[in-house]
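My questions all concern the structure below.
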Amino acid sequence: MKIISDTLSLSTKGFCDVHDITSDVSNKLAEHGLKNGIVTFFSPGSTAGLTTIEYESGVIRDFSELLERIIPSNVPYHHDARWGDGNGFAHVRSALIGPSLTVPFSDGKMDLGIWQQVVFVDFDNRPRSRRIRLQFLGE
């Protein structure tokens, strides 16, 4: 059994900017030569999230619009009153979606459904440089 740590870097635009990272992680998995195990994804910080979704423009727009309905970006948040940075909504969205995800892999491929991709979502209110930590546990 091996444990291998790695990272991905992204430039994001904020405001529910969704990035499909499935192929990037698949390439890392192939580079490391692991066949069976799990990969954990983790986003350091508190204004982004990781999840799975069908990476298709309609559902991405639906996802963004849903988050705007349940956690609007244009209402006051206590965080904004304290810090004045206007991204309270991003912190709440991140807490809802979560900063990590674990996916099993078999025969050197992630065990995702045919229409399922791993996505990184930046909820912040400005462009950012992001790092995603990957940890592979497998053989």
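How do Met1, Met110 line up, fewest other C-beta atoms within 10 Å first?
Ascending Cβ contact count within 10 Å gives the list Met1, Met110.
Sticking with this one: Relative to the longest principal Cα axis of the chain, at what angle does helix 88-97 sit, 0 to 90 degrees, rounded to 10?
For helix 88-97, the angle is close to 30 degrees.
Please pull out the direction-averaged projected area of the chain, using the convex hull of its alpha-carbon atoms, in nm² to one decimal place.
Mean orientational projected area (the chain, Cα hull): 8.4 nm².
When Lys and Arg each count +1 and Asp and Glu each count -1, what net charge do the other residues less than 12 Å away from Glu31, Cβ to Cβ, add up to?
-1
Only residues of segment 46-84 count here: report those whose backbone N is under 14 Å from the spot 7 Å along Cα→Cβ of Arg128, or say none.
In segment 46-84, the label zone of Arg128 (backbone N under 14 Å from the point 7 Å along Cα→Cβ) covers 46-51.
Right, next: What angle do you read, to the nearest 10 degrees and between 0 and 90, between the alpha-carbon axis of helix 22-32 and the longest principal axis of the chain?
40 degrees
If you stretched the chain out fully between His32 and Ser100, how much longer would it get, using 0.36 nm times the residue separation minus the C-alpha to C-alpha distance?
This chain segment gains 22.4 nm when fully extended.
Roughly how far apart, in whole Å, are the Cα centres of segment 22-40 and segment 98-119?
That distance is 10 Å.
Only the coordinates and a few stated rules stand behind these numbers; no lab work does. All of these numbers come straight from a predicted model, not from anything done at the bench. Glycine gets a Cβ as well: all are built from the backbone with ideal geometry, and neighbour counts include every protein chain shown.
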